[in-house]
1. Between rounded, prolate and oblate, where does region 3-147 land on the alpha carbon gyration tensor, with a ≥ b ≥ c its root eigenvalues, rounded for a/c under 1.5, else prolate if a/b exceeds b/c?
2. Under the definition of Cα pairs under 8 Å and six or more residues apart, what whole-number percent is the relative contact order of the chain?
3. Which GluC sites (Glu not before Pro) from region 226-270 combine a DSSP loop assignment with at most 13 other Cβ atoms within 10 Å?
4. Among DSSP bridges having both ends in the chain, what percentage is antiparallel? Round to the nearest 5.
5. If I model a spin label as a point 7 Å beyond the Cα along the Cα-Cβ vector, how far apart are those points for Ser131 and Arg15 in nm?
6. Pull out a ≥ b ≥ c, the square roots of the eigenvalues of the alpha-carbon gyration tensor of region 1-80, then state rounded if a/c is under 1.5, prolate if not and a/b is larger than b/c, and oblate in the remaining case.
7. R0 = 22 Å: FRET efficiency of Glu54 with Leu79, Cβ-based, nearest 0.05?
8. What are the trypsin sites (Lys or Arg not before Pro) within region 87-145 that DSSP puts in a loop, where the Cβ has at most 15 other Cβ atoms within 10 Å?
Amino acid sequence: MARVDVIIPCYNYGRFLEGSVESALRQEGVDVRVLIIDDASPDDTEVVGRRLEEQDTRVTYRRHTVNKGHIATYNEGLLEWADGDYALVLSADDMLTPSALLRAARLMDAHAKVGMTYGDVIRSATPDFASVPVPPAYAVEVIQGPAFIEASCRALSTGVETVTAVVRTSVQRAVGGYRKELPHAGDQEMWLRFASVSAIGRVKAPQGFYRRHGENMSNDYYSALGRRDFDQIRSAFGYFFAEFAIWLADRTRLEGLVQQELAIQAFYLANEAFNVGDRKQCAELLAEAVTLWPGVRHHRGWWQLQLKRAIGNRLWSYLRFLKCAGRRADAPTT
């Protein structure tokens, strides 16, 4: 029976912690250990964590005396504590689905070259472990590393939800820990690292719950027109290509794909910046887009944005109003 070590970092999520831990302990067909790392939470995380440790010998609770941040906390669990066959970082506000770890372990047991598995995710404000039946049958896929990397370059994303990402512990140690420079895209860069040294497995079944609530750690980050998201993703691919893609035969082509997609994304962000009246950021993003890939000038909508910039927000908004009013006037009546 495979052992899966589940690291549950927790900061101020004491109210969700028990559900997260229980979803790990109720996994069947695998030997589970749970490490709760309380990153100096000011709420009742310590009370809940110590109670869960007392109730089940499979649970270990640690508390930081000062807040170290989520990157250091992840690395503490993955690199210093985990020593089972497989490992998973599970946020204290998320949950696993029934038998998720068994499905992941079976795939990796059967395919020694698979370094990580991931699966589908259920987004819910009220995750319910018992509401998801164990699928009687499901499909799996083994994706070779180069194919996974290329698809990720084209999409500017690996498509992997961290709540579902079960890693082979030996591969995790080989590729190292999360980067402190990537607090919001470290997981994307990490999965690219895994793909550079191993195959990636996909379980085509719900593997975890992502809890929606007003205090998700990513909420503040995905504001400001996505600018910070853009910068982090650009940095994530930059670090990957600089250190883990040096032996890829088509590295230059893949880097070109990323630059092209980043340029297009920068253009769309520039358009959004114009729409909210931020002309300075609009100009900066357009300049960045051209630097990344001069061909972005031929992308659809490029000259329309230049026209919008030339006539200004006020006149453009008025013209849009007239256009919409004309459409309403021409609409058939009933």
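Readers should treat all values here as calculations from the given coordinates under stated rules, not as data from a laboratory. Remember, it's a predicted structure, so these values are computed and weren't measured experimentally. Here the Cβ positions follow ideal geometry from the backbone for every residue, glycine too, while neighbour counts run over all protein chains shown.
1. It is prolate, given that a/c is not under 1.5 and a/b is the larger ratio.
2. This gives 16 percent for the chain.
3. none
4. 30 percent
5. In this crude label model, Ser131 to Arg15 measures out at 1.8 nm.
6. Oblate, because a/c is 1.5 or more while a/b does not exceed b/c.
7. Once rounded, the FRET efficiency stands at 0.25.
8. The qualifying sites are Lys113.
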